[in-house]
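The values are calculated or read from the model by the stated rules, or taken from the named source; none is laboratory data. Because the structure is predicted, anything quoted here is derived from the model rather than measured. Cβ sites come from the backbone with ideal geometry, for glycine too, and all protein chains shown count toward neighbours.
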Amino acid sequence: MSDPYAAPAREAVHERPIDGFGTVRILPLDPQADADVLHAWVSEERAAFWGMNGLSRARIREIYAHMDTLAAHHAFLAVVDGTPAALLQTYDPEADRVGECYEVRPGDIGLHLLVAPAGQNGPRPGWTSALLTSFAAYCLLGLDRRRIVVDPDVRNEKAIARFVRQGFEKGPAVVLPEIDIPDVYLPEKHAQLAFLTREVAFPGDA
């Protein structure tokens, strides 16, 4: 079966095989081509903390088209053997509101992650951990960064626990200020910061 995401314009920025799961490819997000997939994911109740419940497909496309113009923020679609698996966003903490809430170190990179809903066969044990390992490899090894920072909502206990199991160390709980700029509005957010260093994630490559 051909991979609909394998066109030259969608060349992967990172590719990593995972035993038992397939090959994870991280592709630059295409706001137009990927709008249907994103709209389906963010509209689910399970994605409430992503903050896009109730937005139209067109609005989601506009938001990610705007992000595509930003130098410090990047969005990607993770695909596993031709099937979309997660939405990944990276950013420079110094250019983001999170940078106002902790002491940014050289080599820090911010990460936002939305994993696709379980497939027709239900959840796969180890699936999210495998994806996180691939994304950490891209951020810390592929982009040569020293530390990943995540900022899940403090109420999102499931996500926080997942990051901790992956090796992230919890930092302070902070209040991220609201942002109101053209095309994007982000309300005030109570977030739990957590950090993953390259030494912890990939000790052999530190």
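A few notes on this one:
- Residue in the stretch 138-146 that is in contact with a His (Cβ under 6 Å, 6 or more places away or on another chain) and buried (at least 19 other Cβ atoms within 10 Å of the Cβ) present: yes
- The condition (being under 24 Å from residue 190 (Cβ atoms) and of a type outside the set (D, E, K, R)) is satisfied by just one residue among 39, 73: 73.
- Filter result for residue 160 (surrounded by 13 or more Cβ atoms within 10 Å (Cβ to Cβ), at pLDDT 95 or above and among the β-branched types (Val, Ile, Thr)): yes
- Within the stretch 63-122, the residues that satisfy the criterion of being among the small types (Gly, Ala, Ser) and in contact with a helix residue (DSSP H, G or I) (Cβ under 7 Å, 6 or more places away or on another chain) are 72, 75, 78, 85, 86, 99, 110, 116.
- In the stretch 129-139, the condition of being under 18 Å from the mean Cα position of the chain (by Cα), outside any loop (DSSP other than H, G, I, E, B), at pLDDT below 95 and within 19 Å of residue 52 (Cα to Cα) is met by no residue.
- Total residues in the stretch 39-61 satisfying the condition of being surrounded by 16 or more Cβ atoms within 10 Å (Cβ to Cβ), in contact (Cβ under 8 Å) with a residue 24 or more places away in the chain and in a loop (DSSP other than H, G, I, E, B): the figure is 0.
- With respect to (1) surrounded by fewer than 19 Cβ atoms within 10 Å (Cβ to Cβ); (2) at pLDDT 95 or above; (3) among the aromatic types (Phe, Trp, Tyr), the lone exception for residue 76 is condition (1).
- Pairs, first over 18 Å from residue 202 (Cα atoms) and touching a residue at least 24 places away in the same chain (Cβ under 8 Å) in the stretch 160-172, second basic (Lys, Arg) and outside any helix (DSSP H, G or I), C-beta under 8 Å, six or more apart: 160/170
- Count of residues meeting criterion [of a type outside the set (S, T, N, Q), on the phi < 0 side of the Ramachandran plot and touching a helix residue (DSSP H, G or I) at 6+ places or on another chain (Cβ under 9 Å)] in the stretch 45-58: 7
- Total residues in the stretch 183-205, condition under 30 Å from residue 59 (Cβ atoms), modelled with pLDDT of 95 or more and either of a type in the set (Asp, Glu) or not in a strand (DSSP E or B) (or both): 0
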